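The structure appears right after this line, and notes come after that.
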Amino acid sequence: MPNQILQVDENMLETRLDRLVSEKVEQLLNAMLDAEADEITGAARYERSGDRRAYRAGHYERNLTVKAGTMTLRVPKLKGALFESAVIDRYRRREESVEEALIDMYLAGVSTRQVDDISRLLWGERMPSQTLSDKLKKVYEDIDRWRNRPLTERSYPYLFVDGVWHKRTWGGSVENVSVLVAVGVDDTGHREVVGVAEGMKEDKGSWEQFIRSLIERGLKGVRLVVGDRCAGLVSTVNAMLPDARYQRCMVHFMRNVLSRVSHKHTAWAASALKAVFAMETRQAALGKAGQVAAEMESRGLRAAASCLREGVGEATTYLLDEFPVEHRRRIRTNNMIERLNREIRRRTRVVGSFPDGRSALMLICARIRYVTANQWSTRRYLDMSRLDGIMQSTD
């Protein structure tokens, strides 16, 4: 008997299955609506009963978008009673899961126009921008509660701070403004975004207001603040967090020095700076930096030598004995928060310029929460028992 090969058109099969599911779900929903109408009236359709409380008055059709597609519902109309359904909310045109999926797409980086296109492609109808805006208002209320949550449950020995620049309409013109972000490593070694706020020009006043808000919310136990050489940041840390030391991002510091080096000496200068930060102790690193600066001056690189001498102290704070050797690789740079900032910039580039500061702040916060809602925050970043051991030996 010859072998028979059964060929299946997958596309046609999927289309028919989708249509079958859609029809069955529509029939089920309409049957549930009819059952609810019978319960409200106290009798079935056309039934003569002394317990009847209301009468049928026909029905009207309305569309409902669900995961299975767009359904046409036959909603009963009653005379003598108000029809209220537990199956579907009044005036609702989409299933909650559909709206949540569209909002998740927007927060994940899909533009409003693309959300509209995807909605029409998947469910056959568009999601008006006003509906999306109304739904996002509820999301923004949750974001405000998250931004202002107390920080009293844990201490944060390490604090990483940075600013994210974006374009904003200001007085009829488009200007660059910043949003300040702070990420803390708590006493269990896990990362947490502890603060996000609009910082305008990332100046001293902005940093003071930002750090003050963190302290008022309960920030405590900070021993090291890692960041770039921003205007006013160092003085703010010294004044408002007197028990904390400041670590200048090693990578940004090396770039600042190399920007003052001519192309002819770039390769040598890069390897020389790497040798400085390869030292095991801070004293050795400062000594090596002095030698490199002297060599730079002999090569005519006075600006680079001056920059190196001026900033090497702040860039080698991580080498102090009060910080574990095992933590050095991760606390000497701002790379951790820089990677988070890249995700933020990828989202803000889709928008271009924001009409106001709040819209930018809310979208950035939403993006941060979306990116960090995974192993980023649940996986331990550092073993803090090492730091606890040093603190106990110091005491």
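When His190, His59 are compared by accessible area of protein heavy atoms, the largest-first order is His59, His190, using a 1.4 Å probe.
Rolling a 1.4 Å probe across all protein chains gives Trp165 an accessible area of roughly 110 Å². Asp228 contributes an accessible area of around 30 Å² to the protein surface, as traced by a 1.4 Å probe with all chains present.
At the residue level, Asp187 shows approximately 60 square angstrom of accessible surface with a 1.4 angstrom probe and all protein chains present. Taking amide H as placed 1.01 Å from N in the peptide plane, Tyr246 has its amide H under 5 Å from the amide H of Val225, each at least 5 places away in sequence or on another chain. The candidates Lys24, Lys264, Lys220, arranged from most to least accessible area with a 1.4 Å probe in the full protein assembly, appear as Lys264, Lys24, Lys220. For Asp187, the residues whose amide H sits under 5 Å from its own are Ser155, ignoring neighbours fewer than 5 places away on the same chain, with H placed 1.01 Å from N.
Using every pair of separate Cα atoms, the Kirkwood estimate puts the hydrodynamic radius of segment 156-388 at 18.9 angstrom. Around Phe160, under 10 Å between beta carbons, what's the net of Lys plus Arg minus Asp minus Glu among the other residues? Combined, the nearby Lys, Arg, Asp and Glu give 0. Across the protein chains, with a 1.4 Å probe defining accessible surface, the residues Val325, Val312 rank Val325, Val312 from largest area downward. Each residue of segment 316-328 was assigned a 3J(HN,Hα) from its phi angle through the Karplus expression (A = 6.51, B = -1.76, C = 1.60, θ = phi - 60°), giving 10, 4, 4, 7, 5, 5, 6, 10, x, 4, 5, 8, 4 Hz with x at Gly and Pro.
The values are calculated or read from the model by the stated rules, or taken from the named source; none is laboratory data. None of the values given here were measured: they were computed from a predicted structure. Counting neighbours? That spans all protein chains shown, and the Cβs are built from the backbone with ideal geometry, glycine included. Ligands, DNA and RNA are excluded from the accessible area calculation, which covers all protein heavy atoms including side chains. Shrake-Rupley method; radii C 1.70, N 1.55, O 1.52, S 1.80 Å.
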